[in-house]
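First comes the structure, then the notes that go with it.
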Amino acid sequence: MTSIDQSTINQSEEIYLATSKFESNDDLLKSVREFYYTKGYGLSIRDSKKDQYVTLQCDLSGVYQDKRRAGTKRKKSIGSRLTDCPFQITGKKGSDGVWVFKVKNLAHNHDPSTDMSGHPSFRRLEPDDVQTVKKMSLSGIPPRQILSTLRQQNLNLPAISRTIYNLKAKFRKDDLGNRSAISLLFEELQKVYSTTEYLFERNWKEFELFYSGKKDAIEYIKATWLPWKDKFVSAWTEKHLHFGNRSSSRAEGAHAKLKLYLQVSTGSFQDLKKKICLAVEHEFNEIKVKLASTVTPCTGHFMATMGLPCAHKIVSCLGMTIPLNIIHSHWRIDTLSLNTGVDSSSDDNNNFFALLNELRSKYQMWPLGKQELATSMIAKLVNESDTYFEPVIQQPKGRPPKAKKKKGKTSTTRDPSKFELVESSHARNPSSFSHVQHHNNLIDLNAYPECSGDLS
């Protein structure tokens with residue numbers, strides 16, 4: 001921060017901005033930051049466009065925004081160094097390729113700093129130091145040790161521990177790009193996904209090499225998970241019949257997908273039916289699109305694990321009947337119920353008539369009261385209407401008003417004192433106080449018969 005010429009430091013702000021010219025954007029940023037550093041101000045980039053312009057603002061511009069509570073009315077009680085300073089200047093690239101300044105607002109709403117160590121722009125690390133932090137972070141070195149190493153190389157290093165933490169957060173954000181953390185995790189796990197044992201061994205070696213800096217994590221996976229790889233790695237699990245049950249939460253997953261269509265927990269049965277049919281129709285269309293897409297070479301995994309013919313087998317059977325022996329009994333309805341030649345209702349009818357005959361014989365031996373009850377029940381069953389009605393919605397009574405509350409015998413409320421009885425009596429009958437005499441701040445309790453009996 002001390003490489004700027006003394007003549008530049010001494011010249012006024014207006015002259016510096018009007019006469020300065022630069023060959024590149026980097027030269028402009030370095031010069032203007034050094035200039036305002038000597039004035040007690042820090043600058044940060046507000047917005048920019050490559051090879052066109054860069055807008056600079058005071059690093060105290062803006063106001064605090066609590067991103068963790070976005071959308072809530074409750075405000076977090078916290079101090080902020082930001083003062084919403086209006087200072088702004090722009091650096092633009094001219095048609096001749098030279099960068100110059102354009103003034104927007106040179107006013108500050110705060111005094112210049114006497115100690116610049118409190119400005120984040122002052123604690124900015126050089127590009128070489130940033131790369132050092134990145135390499136040491138990948139090696140698993142804690143931020144405090146990284147900061148100690150940098151200070152050994154530069155005794156005047158202005159960075160603090162927060163500078164290192166912010167850089168690590170920036171590295172993670174750059175690695176994610178526009179992806180979420182869970183998406184990145186699945187991409188990494190996809191690298192180890194293998195359909196054969198040979199592919200698994202090859203992918204695992206690549207995974208070890210890529211994460212060679214995480215030796216503890218690699219050793220943990222080797223000792224804890226790899227001995228059981230035949231229980232969860234596709235190269236082994238895709239050889240066994242499991243009907244798609246790869247996890248214990250399959251029902252919960254299906255439930256969650258259905259709830260995306262239901263949206264609310266209230267609604268009529270008709271609405272529920274429509275939404276479930278819509279969900280099934282969408283899933284069916286998804287399957288049709290997958291089948292219509294380019295078919296990959298058959299591996300036999302689907303038939304081996306699901307007990308159903310794969311897309312290749314279905315294509316080969318077009319125009320023909322798919323034999324039932326290639327469909328596992330897990331997916332088939334009882335074949336007896338599909339045989340239309342057998343009248344399955346005859347047994348039910350025989351049982352019904354047998355029960356009627358038994359009821360007729362016992363009816364004769366029952367007493368008159370029991371016969372009348374049986375007759376009324378049968379008549380109600382025969383004459384019952386097939387019309388269905390919506391259930392009656394019973395409105396809750398709600399909490400009773402305080403005026404209706406009554407003190408029970410088990411109440412913990414104390415009995416009123418004598419003076420409280422006097423005050424309540426006065427409130428009920430103020431005229432009774434006209435003949436009461438007060439001597440030396442004493443009250444004649446004889447005027448209150450309800451109290452005199454309690455004196456002892």
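Just so you know, all these numbers are worked out from the coordinates, no wet-lab data involved. Since the model is a prediction, treat every value here as computed from it, not as a measurement. Cβ coordinates were reconstructed from backbone atoms using ideal geometry, including for glycine residues, and neighbour counts include every protein chain displayed.
Give the residue list of chymotrypsin sites (Phe, Trp or Tyr not before Pro) in the range 219-277 that are DSSP loop and have at most 13 other beta-carbon atoms within 10 angstrom.
Those that pass, being in a loop and sparsely packed, are Trp225, Phe232, Phe243.
Give the Cα extents of the range 181-237 along the principal axes, in whole Å, largest first.
29, 26, 19
To the nearest 20 debye, what charge dipole does the range 240-331 have about its Cα centre, counting +1 at the Cβ of each Lys and Arg and -1 at the Cβ of each Asp and Glu?
Using only the charged Cβ atoms, the result is roughly 80 debye.
According to a simple spin-label model (label point 7 Å from Cα along Cα-to-Cβ), what is the distance in nm between Glu358 and Asn383?
With each label placed 7 Å out from Cα toward Cβ, I get 2.8 nm.
For a quick check of your reading of the filter: which trypsin sites (Lys or Arg not before Pro) in the range 213-277 sit in a DSSP loop and have no more than 16 other Cβ atoms within 10 Å?
Of the trypsin sites (Lys or Arg not before Pro), the ones in loops of the range 213-277 whose Cβ has at most 16 other Cβ atoms within 10 Å are Lys214, Lys239, Arg246.
Around Ile326, what is the net charge, scoring Lys/Arg as +1 and Asp/Glu as -1 over all other residues with Cβ under 14 Å from its Cβ?
Here the count lands on +2.
Per-residue HN-Hα couplings for the range 299-305, Karplus 6.51 cos²θ - 1.76 cosθ + 1.60 at θ = phi - 60°, whole Hz, x for Gly and Pro?
Computed from phi, the couplings for the range 299-305 are 9, x, 5, 5, 5, 6, 9 Hz.
Residues with beta-carbon under 11 Å from that of Tyr41, excluding Tyr41: net charge, scoring Lys, Arg +1 and Asp, Glu -1?
Net charge in that neighbourhood comes out at -1.
Using the Cα atoms of the range 127-176 to build a convex hull, what is its mean projected area in square nanometres?
For the Cα atoms of the range 127-176, the hull's average projected area reads 3.3 nm².
How would you rank 16-22, 44-50, 318-324, highest first, on the average number of other Cβ atoms within 10 Å across their residues?
Ranked by mean Cβ neighbours within 10 Å, highest first: 16-22, 44-50, 318-324.
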